[in-house]
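Structure record follows, encoded as structure tokens.
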Amino acid sequence: MADVTIRPMRADDAGRVLAIYQAGLDGGDASFETRAPTWAAFDEARLPGHRFVAVDGNDTVLGWIAVAPTSARAVYAGVVEHSVYVAPDARGRGVARLLLEALISSTEAAGIWTIQSGVFGENTASLHLHQRAGFRVIGVRERVARHHGRWRDVILLERRSSLID
Ligand SMILES: CC(C)(COP(=O)(O)OP(=O)(O)OC[C@H]1O[C@@H](n2cnc3c(N)ncnc32)[C@H](O)[C@@H]1OP(=O)(O)O)[C@@H](O)C(=O)NCCC(=O)NCCS
């Protein structure tokens with residue numbers, strides 16, 4: 001991992017970020033979505049202060065992580081939902097782990113106390129990644145939506161920071 005660094009996501013990363021997003025969706029176990037959004041929609045939905053990319057020594061984006069608010073209610077201002085996507089040819093090298101560590105540090109520093117995510121049960125890489133990073137399983141939402149016409153379960157995960165009381 002010596003050649004991989006984490007830096008804030010910039011608008012000029014959009015093309016690579018959305019291509020990596022689409023490759024993850026095409027794999028079939030990342031999300032109910034099947035098409036990556038436009039950059040405008042991506043940008044609008046996610047908090048600007050907690051978006052990171054992992055890059056190699058040539059500043060080529062290998063993966064990204066970002067969060068969206070879960071509620072407009074003030075009491076839930078410290079609860080966010082994240083997405084993490086790594087390019088297929090960069091997987092299995094610890095890129096997602098580095099991205100998740102960066103996100104945990106940045107959100108905790110900003111007073112965000114809970115990061116949550118929904119993961120398909122078939123997504124063993126994501127489940128392993130998140131449980132290693134301190135996420136716990138809240139439960140399983142059964143047949144909560146259709147993906148390519150098929151009802152699928154989603155495992156809800158959350159990480160409650162121990163630093164924020
Ligand atoms: C899930 C994903 C982000 C993981 O990215 P990655 O960079 O390959 O993950 P890492 O190399 O950092 O691995 C993190 C941990 O998961 C484990 N892991 C990685 N791939 C795995 C697999 N296929 N099966 C089981 N464990 C796996 C690693 O061994 C590592 O565990 P360790 O810390 O105990 O060594 C990547 O597979 C991906 O982009 N998938 C498509 C998009 C997606 O599903 N995103 C998550 C939506 S919830």
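The values are calculated or read from the model by the stated rules, or taken from the named source; none is laboratory data. Predicted model, so just to flag it, every value in this text is computed and none were measured. So basically every Cβ, Gly included, is an ideal-geometry build from the backbone, and we count neighbours across all protein chains shown. The protein model used for the area step is the full one, side chains on, heavy atoms only, and it has no ligands, DNA or RNA in it. Shrake-Rupley method; radii C 1.70, N 1.55, O 1.52, S 1.80 Å.
What number of residues within the stretch 91-122 satisfy the criterion of being more than 14 Å from Val137 (Cα to Cα) and not charged (D, E, K, R)?
Looking only at the stretch 91-122, we keep the residues that are more than 14 Å from Val137 (Cα to Cα), and these are 91-113, 122.
Going one step further and asking which of them are not charged (D, E, K, R), we end up with 92, 94-96, 98-100, 102-107, 109-113.
Total satisfying the criteria: 18.
Filter the stretch 1-45 down to residues that are in contact with an Asp or Glu (Cβ under 9 Å, 6 or more places away or on another chain) and either part of a strand (DSSP E or B) or charged (D, E, K, R) (or both) and give me whichever is nearest to the ligand (Cβ to nearest atom).
Asp29
Given the residues Asp29, Asp3, Asp43, which is the only one that is open to solvent by 60 Å² or more (accessible area, probe 1.4 Å) and modelled with pLDDT of 95 or more? Step through it out loud before you land on a result.
Values: Asp29 fails: open to solvent by 60 Å² or more (accessible area, probe 1.4 Å); Asp3 fails: modelled with pLDDT of 95 or more.
The unique qualifying residue is Asp43.
Applying the selection to the stretch 123-165, what residues are among the aliphatic types (A, V, I, L, M) and over 20 Å from Tyr85 (Cβ atoms)? Please lay out each step first, then the result.
Keep residues of the stretch 123-165 that are among the aliphatic types (A, V, I, L, M), which gives 125, 127, 129, 133, 137-138, 140, 144-145, 154-157, 163-164.
Hits for the stretch 123-165 are Val137, Ile138, Val140, Val144, Leu163, Ile164.
Could you give me the residue pairs with C-beta distances under 6 Å whose first residue belongs to the stretch 82-103 and is open to solvent by less than 20 Å² (accessible area, probe 1.4 Å), whose second residue is within 6 Å of the ligand (Cβ to nearest atom) and polar (S, T, N, Q) wherever it lies, and which are 6+ apart or on separate chains?
His82/Ser117
Identify all residues within the stretch 77-115 that are of a type in the set (Ser, Thr, Tyr) and either over 20 Å from Asp29 (Cβ atoms) or over 14 Å from the mean Cα position of the chain (by Cα) (or both); write none if there are none. Walk me through it before giving the result.
Here is the first cut: in the stretch 77-115, the residues of a type in the set (Ser, Thr, Tyr) are 83, 85, 105-107, 114.
If the condition is that a residue be of a type in the set (Ser, Thr, Tyr) and either over 20 Å from Asp29 (Cβ atoms) or over 14 Å from the mean Cα position of the chain (by Cα) (or both), then Ser105, Ser106, Thr107, Thr114 are the ones that fit.
Applying the selection to the stretch 108-125, what residues are within 8 Å of the ligand (Cβ to nearest atom) and touching a residue at least 24 places away in the same chain (Cβ under 8 Å)? Even if it seems obvious, please write down each step before you answer.
Keep residues of the stretch 108-125 that are within 8 Å of the ligand (Cβ to nearest atom), which gives 117-120, 123-125.
Once the filter is applied, which keeps residues that are within 8 Å of the ligand (Cβ to nearest atom) and touching a residue at least 24 places away in the same chain (Cβ under 8 Å), the stretch 108-125 yields Ser117, Gly118, Val119, Phe120, Asn123, Ala125.
Cβ contacts < 6 Å: first residue modelled with pLDDT of 95 or more and in a strand (DSSP E or B), restricted to the stretch 142-165; second residue surrounded by 10 or more Cβ atoms within 10 Å (Cβ to Cβ) and of a type in the set (Gly, Ala, Ser), any location; separation 6+ or different chain. Result?
Asp153/Gly121; Val154/Gly118; Ile155/Gly121; Leu156/Gly118; Leu157/Ser117; Arg159/Gly134
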